[in-house]
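Novice: Handing you a structure now.
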Amino acid sequence: MRELSLHILDIAQNSISANSDSVRIAVIEDVENDLLTIMIKDDGRGMDDETLRRVVDPFYTTRTTRKVGLGIPMFKSSAEACDGEFEIKSQVGVGTEVKATFKYSHIDRVPLGNMADTIITVILSNPLLELIYTHKYNEEGFCLNTKEIRKTLGNEVPIDNIDVIMWLKEYIAEGIEEIRK
Ligand SMILES: Nc1ncnc2c1ncn2[C@@H]1O[C@H](COP(=O)(O)OP(=O)(O)OP(=O)(O)O)[C@@H](O)[C@H]1O
Ligand SMILES: [Mg+2]
């Protein structure tokens, strides 16, 4: 994929499909150590070992009756093509955690892309979700927690209100711009 944010969106959509109440997305740009880390953690239904194996390697079994997407394998190969590592852990009834690392300066490392759009898309996919987004750039950090936002908004205004969404998009974009200065 041309942008890492599209991988993040894909993995987060899986978390939403898995009926998660809470999803954590973390982006850590450790430029000083030439390392980019992306983590997506949910508290959804989780996967058993057999499913997990099939999801990571869609060609693992020929007994596959239902369609399995390529989102997870593609994220894995993106990381591995950039001298990085990929890890997925899952437990039925507990949740799933995906972690990918990239050599920050690797020639094949595609840009992170538009994280504000990605976060907004996740919020709109499930406005009731507790989404915790943290973004670090070296020592600087930005954090967004939709639970906090909803508390601030009160009962009158839903988080998917168009004005709130427009504001959030600006807020996230500015927050990321600020930590990168
Ligand atoms: N976070 C997750 N929690 C629980 N199950 C998951 C999670 N991520 C993936 N899965 C399981 O792996 C399957 C395959 O995921 P994948 O993203 O490859 O395809 P999909 O989501 O079914 O389809 P697509 O992404 O193409 O719409 C899912 O249907 C689901 O059973
Ligand atoms: Mg999917």
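Novice: Does ASP83 fit the bill of being modelled with pLDDT of 95 or more, touching a Pro at 6+ places or on another chain (Cβ under 6 Å) and surrounded by 12 or more Cβ atoms within 10 Å (Cβ to Cβ)?
Specialist: no
Novice: Among ASP108, ASP160, ASP83, which is without any contact (Cβ under 8 Å) to a residue 24 or more places away in the chain and assigned to a loop (DSSP other than H, G, I, E, B)?
Specialist: On the way: ASP108 fails: without any contact (Cβ under 8 Å) to a residue 24 or more places away in the chain; ASP160 fails: without any contact (Cβ under 8 Å) to a residue 24 or more places away in the chain.
Going through ASP108, ASP160, ASP83 in turn, the sole match is ASP83.
Novice: Taking the range 111-144, which residues are assigned to a strand (DSSP E or B) and under 20 Å from ARG180 (Cα atoms)?
Specialist: ILE132, TYR133, THR134, HIS135, LYS136, TYR137, GLU140, GLY141, PHE142, CYS143, LEU144
Novice: Going residue by residue through the range 52-62, is there one that turns out to be at pLDDT 95 or above, acidic (Asp, Glu) and either farther than 14 Å from LEU129 by Cβ or out of contact with any strand residue (DSSP E or B) (no Cβ under 6 Å at 6 or more places or on another chain) (or both)?
Specialist: no
Novice: Same structure again: For THR134, state whether it is surrounded by 14 or more Cβ atoms within 10 Å (Cβ to Cβ), within 16 Å of ligand 1 (Cβ to nearest atom), within 24 Å of ILE159 (Cβ to Cβ) and hydroxyl-bearing (Ser, Thr, Tyr).
Specialist: On the way: surrounded by 14 or more Cβ atoms within 10 Å (Cβ to Cβ): yes; within 16 Å of ligand 1 (Cβ to nearest atom): no; within 24 Å of ILE159 (Cβ to Cβ): yes; hydroxyl-bearing (Ser, Thr, Tyr): yes.
It is false that THR134 is surrounded by 14 or more Cβ atoms within 10 Å (Cβ to Cβ), within 16 Å of ligand 1 (Cβ to nearest atom), within 24 Å of ILE159 (Cβ to Cβ) and hydroxyl-bearing (Ser, Thr, Tyr).
Novice: Kindly establish whether LYS103 is touching a residue at least 24 places away in the same chain (Cβ under 8 Å), surrounded by 15 or more Cβ atoms within 10 Å (Cβ to Cβ) and touching a helix residue (DSSP H, G or I) at 6+ places or on another chain (Cβ under 9 Å).
Specialist: Working: touching a residue at least 24 places away in the same chain (Cβ under 8 Å): yes; surrounded by 15 or more Cβ atoms within 10 Å (Cβ to Cβ): yes; touching a helix residue (DSSP H, G or I) at 6+ places or on another chain (Cβ under 9 Å): no.
No: the conditions fail for LYS103.
Novice: Here's a follow-up. How many residues are more than 16 Å from ligand 2 (Cβ to nearest atom) and either more than 15 Å from the chain's Cα centre (by Cα) or within 15 Å of GLU130 (Cα to Cα) (or both) when one looks only at the range 14-32?
Specialist: Qualifying residue count, the range 14-32: 7.
Novice: Residue by residue through the range 126-153, note down the ones that are among the aliphatic types (A, V, I, L, M) and over 14 Å from the mean Cα position of the chain (by Cα).
Specialist: If the condition is that a residue be among the aliphatic types (A, V, I, L, M) and over 14 Å from the mean Cα position of the chain (by Cα), then LEU128, ILE149, LEU153 are the ones that fit.
Novice: Also: Could you please find all residues in the range 73-88 being under 15 Å from ASP49 (Cα atoms) and either within 10 Å of ligand 1 (Cβ to nearest atom) or hydroxyl-bearing (Ser, Thr, Tyr) (or both)?
Specialist: Initial filter on the range 73-88 (under 15 Å from ASP49 (Cα atoms)): 87-88.
Across the range 73-88, the qualifying residue is only ILE88.
Novice: From LEU6, LEU35, which residue is out of contact with any strand residue (DSSP E or B) (no Cβ under 8 Å at 6 or more places or on another chain) and either within 12 Å of ligand 1 (Cβ to nearest atom) or closer than 15 Å to LEU112 by Cα (or both)?
Specialist: LEU6
Novice: Are there any pairs, at least 6 apart or on different chains, whose C-beta atoms fall under 6 Å, with the first in the range 136-154 and without any contact (Cβ under 8 Å) to a residue 12 or more places away in the chain and the second surrounded by 13 or more Cβ atoms within 10 Å (Cβ to Cβ), and if so, which?
Specialist: Hits for this filter: CYS143/THR134; ARG150/ILE159.
This table checks each residue for (1) away from ligand 1 (no atom under 12 Å from the Cβ); (2) on the phi < 0 side of the Ramachandran plot; (3) assigned to a loop (DSSP other than H, G, I, E, B).
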| position | (1), (2), (3) |
| --- | --- |
| ASP10 | no, yes, no |
| ILE16 | no, yes, no |
| GLU29 | yes, yes, no |
| ARG45 | no, yes, yes |
| GLY69 | no, yes, yes |
| SER90 | no, yes, no |
| THR96 | no, yes, no |
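The values are calculated or read from the model by the stated rules, or taken from the named source; none is laboratory data. What you see is a predicted model; the values in this text were computed from it and never measured. All Cβ positions, glycine included, derive from the backbone under ideal geometry; neighbour counts span all protein chains shown.
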